[in-house]
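Asks: So that we are looking at the same thing, I have put the structure below in structure tokens.
The values are calculated or read from the model by the stated rules, or taken from the named source; none is laboratory data. All figures in this text were calculated on a predicted structure; none of them were measured in a lab. All Cβ positions, glycine included, derive from the backbone under ideal geometry; neighbour counts span all protein chains shown.
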Amino acid sequence: MVAGTALVLLSLPIYRGEYWARPIALGLLAIPSIAGAYMLGPIMFFAKGAISASLIIALTGLIPYFIILLYEESSIVDKLTNFFVFTMLGVTAAYNWGNAHSSLRQLWARPESSVIDHAFSLGIVVNWTAVILVLIGIPLLAARKQSGWWLSTIGSLSLLIGTGTLYLGHSNVTEFLVGTLMALVTVALLLIPKISGLLIDTGRLKTELIPPLTKSQTEHSA
């Protein structure tokens, strides 16, 4: 609700094509997108009859996320890079946020936990912290800041470690394996030099959104 309120206020500068509003809006849109994806987990397990409606709601919520992400004057290569990287960042964060919650539930369900079960504690803290780093990194990376790349990479690598630890302690849990593989793919994408070079601003891109600034706005800016 807080993110939605902020997005309503940002709609006017976004419409005007003010570039500074784009990364902030993308970061705010990532919050309900990740939350919506996370909520699909409990529905799939405990309310299977509502899966269709939930998928429609979740996918509809992704529309503005991708519009803001791709509505930039850039090459098709840049757009494809943004699409895959930011999709993996969001999906990996959402899935492993859910894994952290599942770990907490499993830990509480064991009154006398074993040494292996204490891996849940590590996974909970690491994953929650890592998702926060990714959420902060997404808008900064959308602004093509190097700090955004660092935060996104550190967060994704932490998710790989956190969920990987959960999987090592509980290899029979498919969700931990999937979350580990997602984090691995995300980290790999961010570490590929050619991709990271496209993500960080090198002066190649125009710093404006469509529609372009009007003549009067350009003169005022000058």
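Asks: Go over the candidates PHE45, PHE66 one by one and state the one that is at pLDDT below 85 and outside any loop (DSSP other than H, G, I, E, B).
Replies: Just one listed residue meets the conditions, PHE45.
Asks: Mind counting the residues in segment 164-195 that are buried (at least 18 other Cβ atoms within 10 Å of the Cβ), within 16 Å of the chain's Cα centre (by Cα) and among the β-branched types (Val, Ile, Thr)?
Replies: 3
Asks: Does any residue of segment 29-36 turn out to be more than 23 Å from LEU133 (Cβ to Cβ) and either hydroxyl-bearing (Ser, Thr, Tyr) or free of Cβ contacts under 8 Å to residues at least 24 places away in the same chain (or both)? Please lay out each step first, then the result.
Replies: Initially, segment 29-36 is screened for residues more than 23 Å from LEU133 (Cβ to Cβ), giving none.
No, there is no match, as no residue in segment 29-36 is more than 23 Å from LEU133 (Cβ to Cβ) and either hydroxyl-bearing (Ser, Thr, Tyr) or free of Cβ contacts under 8 Å to residues at least 24 places away in the same chain (or both).
Asks: I need the full set of residues from segment 1-30 which are within 17 Å of SER74 (Cβ to Cβ), part of a helix (DSSP H, G or I) and not aliphatic (A, V, I, L, M), in order please.
Replies: ARG22, PRO23 - these are the residues of segment 1-30 that are within 17 Å of SER74 (Cβ to Cβ), part of a helix (DSSP H, G or I) and not aliphatic (A, V, I, L, M).
Asks: Within segment 34-57, count every residue that is among the polar types (S, T, N, Q) and loosely packed, with under 13 Cβ neighbours inside 10 Å.
Replies: At the first step, the residues of segment 34-57 found to be among the polar types (S, T, N, Q) are 52, 54.
Add one more test, that the residue is loosely packed, with under 13 Cβ neighbours inside 10 Å, and what stays is 52.
Looking only at that region, the number is 1.
Asks: Filter segment 80-94 down to the residues that are crowded, with 16+ Cβ neighbours inside 10 Å and not hydroxyl-bearing (Ser, Thr, Tyr) and list them by number.
Replies: ASN82, VAL85, PHE86, MET88, LEU89, GLY90, VAL91, ALA93, ALA94 - these are the residues of segment 80-94 that are crowded, with 16+ Cβ neighbours inside 10 Å and not hydroxyl-bearing (Ser, Thr, Tyr).
Asks: Which of (1) surrounded by fewer than 22 Cβ atoms within 10 Å (Cβ to Cβ); (2) among the hydrophobic types (A, V, I, L, M, F, W, C); (3) at pLDDT below 95 does ILE154 not meet, given it meets every other one?
Replies: So the condition that ILE154 fails would be (3).
Asks: Now for a separate question. Is there a residue being touching a helix residue (DSSP H, G or I) at 6+ places or on another chain (Cβ under 8 Å), over 22 Å from VAL178 (Cα atoms) and not basic (Lys, Arg) anywhere in segment 98-112? I'd like the intermediate steps shown before the answer.
Replies: Here is the first cut: in segment 98-112, the residues touching a helix residue (DSSP H, G or I) at 6+ places or on another chain (Cβ under 8 Å) are 98-104, 106-107, 110.
Add one more test, that the residue is over 22 Å from VAL178 (Cα atoms), and what stays is 110.
Cutting the leftovers down to not basic (Lys, Arg) gives us none.
Within segment 98-112, none of the residues are touching a helix residue (DSSP H, G or I) at 6+ places or on another chain (Cβ under 8 Å), over 22 Å from VAL178 (Cα atoms) and not basic (Lys, Arg).
Asks: In this structure, is PRO111 modelled with pLDDT of 85 or more, surrounded by fewer than 22 Cβ atoms within 10 Å (Cβ to Cβ) and more than 21 Å from LEU160 (Cβ to Cβ)? Please lay out each step first, then the result.
Replies: On the way: modelled with pLDDT of 85 or more: no; surrounded by fewer than 22 Cβ atoms within 10 Å (Cβ to Cβ): yes; more than 21 Å from LEU160 (Cβ to Cβ): yes.
Judged against the criteria, PRO111 is not a match.
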